[in-house]
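Colleague: The following block contains the structure, expressed as structure tokens.
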Amino acid sequence: MMEQQANPKQQDRLGALYELSTRLGTTLDLGELLNQIMDSIIQLTGAERGFMMLYDELTGALNPVAARNVDQKTLDGSSMEISRTVITRAATTGSPIVTNNAQEDDRFAGNQSVVGYQLRSIMCAPLRARGRVIGAVYVDNRLFTGVFSQPDLDLLVAFTNQAAMAIDNARLFQRTDQALARRVDELSLFQLIDQELNKSLDLHRVLGQALDWAIQLTKADAGSIGLISEDKETKERYLRLLAHRGSDDHTPHERVPLTHPVLAQVLATGEFVSLHNTTPEQSIDGSAAAIQLAVPIRREGHVTGLITLESQSTSRSFNQDDTAFVARLADRAAVAINNSSLYEEIHRINDAKSQFISLVAHELRVPMTSIKGYADLMSKGLAGPLNDQQQNFMGVILRNLDRMSVLIRDLSDINRIESGNMQFELGRFDLHLVIKDVIGSLREAMASRQQTYTTEFAPQLPDVFADRTRIGQVLTNLISNAHKYTPDGGHITVQTIVQDGFVRVDVADTGIGIREEEQEKLFSQFFRSEDSAVRTQVGWGLGLSIVKMMVEAQGGQISFESQYGQGSTFRFTIPVAVGNGE
Ligand code: ADP
């Protein structure tokens, strides 16, 4: 065929080769590229039909990947056997082939018996990229319509050299793209898993969740998860199975001894163990399975637990991806497990502390009530007249009783707030009245130290919405601190300001102030300044922490500003009641 058209068309075909070659780089989609290459080859060689085979990157098998004017059935059938033999030869030897009678060509003599094979002119060229043959292309013509010659083959080889590079690039891109997509999928999955695992601090939930993910993503049939635990009495360590998924008729033993062969191996190596056809005795959770995988949960280099997965299907196995995935999941679960164990421990200790405090508070309150009752009676002379010294002593006893009852009240308050048992009776009220009441109750104490005060009240203050008694307690704490920590003759100002749906109360004093380095500890429980002016005052360092919790529990905020030696201002906010026209 080439022979007949060669010279007049030579120029055109070189032009076409150039044009088709430059188009090769325009797509990175492998399927599209293969089709484009086949079309170009047909166009360039003027062949009647053709196909391309590529080596599978994983299996190494040579598979047809694109064809023109030959359907898959014909391609697979015996009539194409010689064609496949020729192309296979081109692919394995890496040399191009042109033949006009494959049946009589010595190279393909083995196929002479093929029945019904028509004589054809055949060309094959290997696809060579980066020094290796990645496949080959095949084209043919019936002998009476066109015979291929060496220049046709040269043209085909020139084009396939370019095409092979484009195929290799597209495959590389596809591989990278797929690997990236898998990684992105895995990362977003792990993000979700992290979120789910860390959402709950409930250990059983975390373990169940981790196990469910492991089963779902490895397509296992069953599994269990356990943690290494210690028997409180015997101090013996064992694996405690805490969650199990699988058939309902099998309940695994809760305790697996560390000497169990699979567990012992995981503990010794820190690596996963994979088993086939396990008997119930061999398996960690006592169930027979076609395949089992035991993956350690590790924390700071130690095995702290185990995830086991099972499948009853002999036709599958847990592959590298599965084990790597479960190992990564186990790492993440370890963090969440640790968090929830710590949380449970803290919760348990906190509960014990709360119970202890409420017991002590109750046990102290009863005898103190009676001590205070009798002391009051005696100091009022109802049990007989007291001399001056006795009166003095009774005063000391009563003051210390007050101190103790403040401590008991504060501790009980903290306990109630922390355990979520503090009740707030919310309602609307006039804050100015509460401030006046509190100042009234402290007026005498302030006067005894020649302290003066002013109030700067916002005009038409709207009602606030909070617990009146608790706000009274907050104000008492702040104003009495201002009084306690302000030298004789100092001044205290209480101001109210309406601000963005809140009333802000400022309690300012001209007192001792707070050193900068102590300011951040101010709201911590039991914090008291080392300053001697503070230590001479009665206090436990609990007032401000209670004030902060109470303000925040009622929707407000608290802050302060202080200059050492000059004074302090404490500010807190309370929500305005709705329907105030605010
Ligand atoms: P307490 O008054 O019983 O010590 P608080 O929790 O009310 O406990 O206060 C904690 C500490 O904060 C006080 O001991 C004191 O050092 C400091 N403090 C609180 N209010 C003031 C204030 N108005 N001026 C200076 N220091 C203060």
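The values are calculated or read from the model by the stated rules, or taken from the named source; none is laboratory data. A quick note: this is a predicted structure, and the numbers were derived from the prediction, not measured. Reconstructed Cβ throughout: ideal geometry from the backbone, glycine too, with neighbour counts over all protein chains shown. Accessible surface areas use protein heavy atoms only, side chains included; no ligands, DNA or RNA. Shrake-Rupley method; radii C 1.70, N 1.55, O 1.52, S 1.80 Å.
Colleague: Using the structure shown, decide if residue 552 is outside any loop (DSSP other than H, G, I, E, B), open to solvent by less than 50 Å² (accessible area, probe 1.4 Å), closer than 27 Å to residue 409 by Cβ and of a type in the set (Asp, Glu).
Modeller: So residue 552 does not fit the description; no.
Colleague: Of the residues 356, 457, 393, only one is open to solvent by 50 Å² or more (accessible area, probe 1.4 Å), under 48 Å from the mean Cα position of the chain (by Cα) and either under 18 Å from residue 547 (Cα atoms) or not small (Gly, Ala, Ser) (or both); which?
Modeller: Just one listed residue meets the conditions, 356.
Colleague: Could you check the stretch 525-542 and list, in sequence order, the residues that are within 8 Å of the ligand (Cβ to nearest atom) and either farther than 18 Å from residue 417 by Cβ or of a type in the set (A, V, I, L, M, F, W, C) (or both)?
Modeller: Residues satisfying the conditions are 527, 528, 529, 531, 534, 537, 538, 539, 540, 542.
Colleague: While we're on this one: For residue 501, work out the one condition from (1) touching a Phe, Trp or Tyr at 6+ places or on another chain (Cβ under 9 Å); (2) in contact (Cβ under 8 Å) with a residue 40 or more places away in the chain it doesn't fulfil.
Modeller: (1)
Colleague: Consider residue 172 against the criteria (1) open to solvent by 50 Å² or more (accessible area, probe 1.4 Å); (2) under 30 Å from residue 40 (Cα atoms); (3) touching a helix residue (DSSP H, G or I) at 6+ places or on another chain (Cβ under 9 Å): it satisfies all of them except one. Which criterion is unmet?
Modeller: So the condition that residue 172 fails would be (3).
Colleague: Hey, residue 433 hits all of (1) hydrophobic (A, V, I, L, M, F, W, C); (2) surrounded by fewer than 19 Cβ atoms within 10 Å (Cβ to Cβ); (3) in contact with a helix residue (DSSP H, G or I) (Cβ under 7 Å, 6 or more places away or on another chain) but one; which does it fall short on?
Modeller: Only one criterion is unmet by residue 433, namely (3).
Colleague: Conditions: (1) in a helix (DSSP H, G or I); (2) under 26 Å from residue 173 (Cβ atoms); (3) modelled with pLDDT under 85. Residue 38 meets all but one. Number of the miss?
Modeller: (3)
Colleague: Still on this model: From the list 97, 87, 122, 82, exactly one residue is out of contact with any helix residue (DSSP H, G or I) (no Cβ under 6 Å at 6 or more places or on another chain) and of a type outside the set (Gly, Ala, Ser). Which is it?
Modeller: 87
Colleague: Follow-up question, since we're still on this one. Tell me which residues, restricted to the stretch 551-582, are more than 16 Å from the ligand (Cβ to nearest atom) and without any contact (Cβ under 8 Å) to a residue 12 or more places away in the chain.
Modeller: Within the stretch 551-582, 579 is the sole residue that qualifies.
Colleague: How many of the residues in the stretch 13-51 are among the small types (Gly, Ala, Ser) and surrounded by 17 or more Cβ atoms within 10 Å (Cβ to Cβ)?
Modeller: Total satisfying the criteria: 5.
Colleague: Having 1 or more residues that are in contact with a strand residue (DSSP E or B) (Cβ under 7 Å, 6 or more places away or on another chain), on the phi < 0 side of the Ramachandran plot and among the β-branched types (Val, Ile, Thr) is the bar; report the strands (runs of 3 or more DSSP E) wholly within the stretch 176-286 that clear it.
Modeller: Where strands (runs of 3 or more DSSP E) fall fully within the stretch 176-286 and carry at least 1 residues being in contact with a strand residue (DSSP E or B) (Cβ under 7 Å, 6 or more places away or on another chain), on the phi < 0 side of the Ramachandran plot and among the β-branched types (Val, Ile, Thr), they are 222-230, 255-257, 273-278.
Colleague: What number of residues within the stretch 466-524 satisfy the criterion of being within 9 Å of the ligand (Cβ to nearest atom), crowded, with 17+ Cβ neighbours inside 10 Å and polar (S, T, N, Q)?
Modeller: Number satisfying all stated conditions: 4.
Colleague: Another one. Do we find a residue being closer than 23 Å to residue 217 by Cα, crowded, with 20+ Cβ neighbours inside 10 Å and among the hydrophobic types (A, V, I, L, M, F, W, C) anywhere in the stretch 246-256?
Modeller: Scanning the stretch 246-256, I find no residue that is closer than 23 Å to residue 217 by Cα, crowded, with 20+ Cβ neighbours inside 10 Å and among the hydrophobic types (A, V, I, L, M, F, W, C), so the answer is no.
Colleague: Moving to a separate point now. Residues that are among the aliphatic types (A, V, I, L, M) and either touching a strand residue (DSSP E or B) at 6+ places or on another chain (Cβ under 7 Å) or modelled with pLDDT of 95 or more (or both): does the stretch 453-461 have at least one?
Modeller: Within the stretch 453-461, one or more residues are among the aliphatic types (A, V, I, L, M) and either touching a strand residue (DSSP E or B) at 6+ places or on another chain (Cβ under 7 Å) or modelled with pLDDT of 95 or more (or both).
Colleague: Checking the condition closer than 26 Å to residue 179 by Cβ, touching a residue at least 24 places away in the same chain (Cβ under 8 Å) and among the small types (Gly, Ala, Ser), which residue from 313, 287, 317 passes?
Modeller: Among 313, 287, 317, only 317 is closer than 26 Å to residue 179 by Cβ, touching a residue at least 24 places away in the same chain (Cβ under 8 Å) and among the small types (Gly, Ala, Ser).
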